[in-house]
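Structure first, commentary second.
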Amino acid sequence: MLNRYKKYLEVLDVKLNHLFEQQAPFIKCKKGCAYCCKDGEYPMSELEYINLMFEYNSLSGDLQDKINKKIEALLSSNRHKLYECPFLTDDCCSVYSARPLICRSFGLITYYKNSKNKIPFCVDLGLNYSNVYDKESCMLTMYAKDGTKPAAYNVERNTLRDKEMEELFDIRFGEDITNKKLPIKSKSLIIV
Ligand code: SF4
């Protein structure tokens with residue numbers, strides 16, 4: 001199943017790369033920009049989690065310890081709902097190739113079924129889509145200089161892990177692992 005999920009990720013990455021390229025005049029994502037990993041929620045299904053744990057297990061012991069300490073600190077703090085992802089290390093993702101689905105389409109304007117378009121929150125930080133965003137009306141008001149229009153895509157997390165994808169790639173995402181314990185090596189890692 002994991003191999004089929006990896007195949008799915010390959011196909012998905014090609015598709016998302018294409019969408020990011022189409023929206024290039026509005027996109028400010030670059031290595032080292034990690035605002036989206038510092039103030040959010042990062043839900044993931046059992047399948048995403050298992051894949052991520054394989055990547056985690058391939059990290060050096062030092063890095064694993066660092067990540068576990070961050071998780072412990074997170075769990076013992078009176079944190080708010082939004083928090084920094086414990087897999088973020090020196091402003092880079094330590095499990096990048098196995099990052100969850102929610103991380104992959106972040107930065108684009110997304111929607112799910114008939115829901116409203118979601119503009120990435122980094123627009124307020126002067127990042128993605130800020131060159132065509134009016135803060136007062138909270139609307140996208142313009143096109144890029146080259147005439148490119150801001151577009152919304154049906155690549156929200158719920159779409160990326162829906163039944164259609166499961167059937168197409170013969171995979172099962174399972175439940176979200178929120179508040180569940182899953183073992184890593186001899187330790188126990190808890191993601192909430
Ligand atoms: S898993 Fe990686 S990309 Fe996703 S929020 Fe964490 S650090 Fe960022």
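Every number here is computed from the coordinates shown, using simple stated rules; none is lab data. Bear in mind that the values here come from a model prediction, so they are computed numbers and not experimental data. Ideal geometry is used to build each Cβ from the backbone, glycine not excepted, and the neighbour counts take in all protein chains shown.
Available extension along the chain between residue 6 and residue 168 is 57.0 nm, counting 0.36 nm per residue and deducting the alpha carbon span. If both residues of a DSSP beta bridge must be in the chain, then about 80% of such bridges are antiparallel.
Using the Cβ atoms and a cut-off under 12 Å, what net charge is assigned to the surroundings of residue 155, where Lys and Arg are +1 and Asp and Glu are -1?
Within the 12 Å Cβ shell, the charges total +2.
Annotation: peptides 34-41, 57-64, 103-110, ranked by per-residue average of other Cβ atoms within 10 Å with the highest first, follow the order 103-110, 34-41, 57-64. Going by neighbour counts of Cβ atoms within 10 Å, the residues 164, 55 line up, fewest first, as 164, 55. Applying 1/(1 + (r/R0)^6) with r as the Cβ-Cβ distance of residue 77 and residue 39 and R0 = 25 angstrom yields a FRET efficiency of 0.95. Treating r as the C-beta distance of residue 138 and residue 69 and R0 as 22 Å, the FRET efficiency rounds to 0.05. Springs join every pair of Cα atoms under 10 Å in this Gaussian network model of the chain, and among 53, 142, 44 the largest mean-square fluctuation is at 142. Does the stretch 1-86 come out rounded, prolate or oblate, given a ≥ b ≥ c as the square roots of the eigenvalues of its C-alpha gyration tensor, rounded meaning a/c under 1.5 and, failing that, prolate meaning a/b above b/c? Because a/c hits 1.5 or more and a/b fails to exceed b/c, the stretch 1-86 counts as oblate. With helices as the sole contributors, the chain gives -10000 deg cm²/dmol at 222 nm; each DSSP H run of n ≥ 4 counts as -39500 (n - 2.57), and the sum is divided by every residue.
Once the Cα atoms of helix 61-76 and of the chain are each reduced to a long axis, what angle between those two axes, in degrees from 0 to 90 to the nearest 10, is obtained? Once rounded, the angle reads 80 degrees.
Of all lysines in the structure, those lying under 17 Å Cα to Cα from residue 135, and not within fewer than 8 positions of it along the same chain, are 118.
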